[in-house]
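I have placed the structure first, in the form of structure tokens, so that the comments after it can refer back to it.
The values are calculated or read from the model by the stated rules, or taken from the named source; none is laboratory data. Owing to the predicted nature of the structure, the values given are computational and were not obtained by experimental measurement. No Cβ is skipped: glycine too gets one built from the backbone with ideal geometry, and neighbour counts run over all protein chains shown.
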Amino acid sequence: MMHDDAIGLLLQAGQPAAGTQVSAVQFAPVDRSTLQNQIYDQLRDAVMGGMFRPGTPITIRAVAQALGTSPMPARSALQRLEIAGALVARGGKRTLVIPEMSQAEYQEMLDIGVLLEGYAAFRACSHITAEEAAIMRASCTGMAAAAEDYDRDCYVTENWTFHSTLYAASRQPTLMKFIEMRWLRIGPYVRQMMPDRESLIESMPIHWAVLDAIDRRDGEAARQAIVADLRDCAETLMPRLGPA
């Protein structure tokens with residue numbers, strides 16, 4: 001059984017500055033006809049977007065209170081996140097927390113990303129629509145503006161839109177599911193990959209290179225640009241992780 005004591009979902013240092021309680025995360029109202037899926041989707045997006053730092057406790061009661069639901073759909077959504085590896089049980093009362101990663105674990109996540117996301121980018125160049133390319137270009141423009149302002153919240157949101165649109169254009173739904181599972185693990189570290197304004201600004205040429213490859217329908221160039229982006233992020237993050 002999952003622990004549902006009233007411990008808030010703490011947004012720790014490096015998170016949005018609105019506060020330290022779960023109410024600081026801007027969840028949308030949920031339609032009660034599909035509660036479990038909506039709760040899961042919002043929590044999934046928050047995890048992938050780096051809204052919760054590694055080690056943050058996520059409790060049934062706090063989620064239910066934040067979204068205005070009963071504990072049952074919140075429990076089901078958290079169970080799905082636990083199965084996906086986005087949450088792990090800690091302690092005798094099985095408190096669910098955002099898992100931490102060692103350098104070795106992150107290296108494995110990097111190796112998986114190089115293969116899966118690189119391949120998705122390669123395929124996307126043959127299947128992407130003009131509408132999808134326009135979405136990516138708008139997101140890249142938004143990322144550039146956010147980088148200049150050092151608005152990490154905006155940058156993270158636009159960055160996921162950019163990458164998820166690219167990967168979805170591969171037209172490989174099973175591949176996309178595996179990529180999302182990887183982002184559920186690395187998402188809590190995404191803000192540590194952007195420690196300052198300069199790091200965001202320096203990330204932009206690679207993203208523009210992806211768009212250039214898409215315009216030229218050059219799958220190999222897109223793959224190389226995505227792989228370079230993943231490796232640059234890893235280079236920034238690795239020194240901040242424990243060795244084992």
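One residue is enough: does the range 33-48 have a residue meeting the conditions surrounded by fewer than 19 Cβ atoms within 10 Å (Cβ to Cβ) and modelled with pLDDT under 70?
Taking every residue of the range 33-48 in turn, at least one turns out to be surrounded by fewer than 19 Cβ atoms within 10 Å (Cβ to Cβ) and modelled with pLDDT under 70.
Considering only the range 132-162, how many residues are closer than 16 Å to ASP212 by Cβ, without any contact (Cβ under 8 Å) to a residue 60 or more places away in the chain and not hydrophobic (A, V, I, L, M, F, W, C)?
Residues flagged as closer than 16 Å to ASP212 by Cβ, without any contact (Cβ under 8 Å) to a residue 60 or more places away in the chain and not hydrophobic (A, V, I, L, M, F, W, C) within the range 132-162 amount to 3.
Tell me which of these ILE214 doesn't satisfy, since it passes every other one: (1) closer than 17 Å to GLY113 by Cβ; (2) among the β-branched types (Val, Ile, Thr); (3) surrounded by 18 or more Cβ atoms within 10 Å (Cβ to Cβ); (4) at pLDDT 95 or above.
(1)
Would you call LEU110 part of a helix (DSSP H, G or I), modelled with pLDDT of 95 or more and over 30 Å from GLU198 (Cα atoms)?
Numbers: part of a helix (DSSP H, G or I): yes; modelled with pLDDT of 95 or more: yes; over 30 Å from GLU198 (Cα atoms): no.
The answer is no for LEU110.
Looking at (1) aliphatic (A, V, I, L, M); (2) within 22 Å of ASP111 (Cβ to Cβ); (3) at pLDDT below 95; (4) crowded, with 19+ Cβ neighbours inside 10 Å, which is the one condition that is false for ALA244?
(4)
Hey, ARG152 hits all of (1) more than 23 Å from GLU235 (Cβ to Cβ); (2) basic (Lys, Arg); (3) out of contact with any strand residue (DSSP E or B) (no Cβ under 7 Å at 6 or more places or on another chain) but one; which does it fall short on?
(1)
Pick from the range 69-90 the residues that are part of a loop (DSSP other than H, G, I, E, B) and without any contact (Cβ under 8 Å) to a residue 60 or more places away in the chain: which of them is surrounded by the most Cβ atoms within 10 Å (Cβ to Cβ)? Before the answer, list the steps.
Of all residues in the range 69-90, those part of a loop (DSSP other than H, G, I, E, B) come to 69-70, 84-87.
Right, trim to without any contact (Cβ under 8 Å) to a residue 60 or more places away in the chain and you get 69-70, 87.
On the way: THR69: 18, SER70: 12, LEU87: 25.
Top of the filtered list is LEU87.
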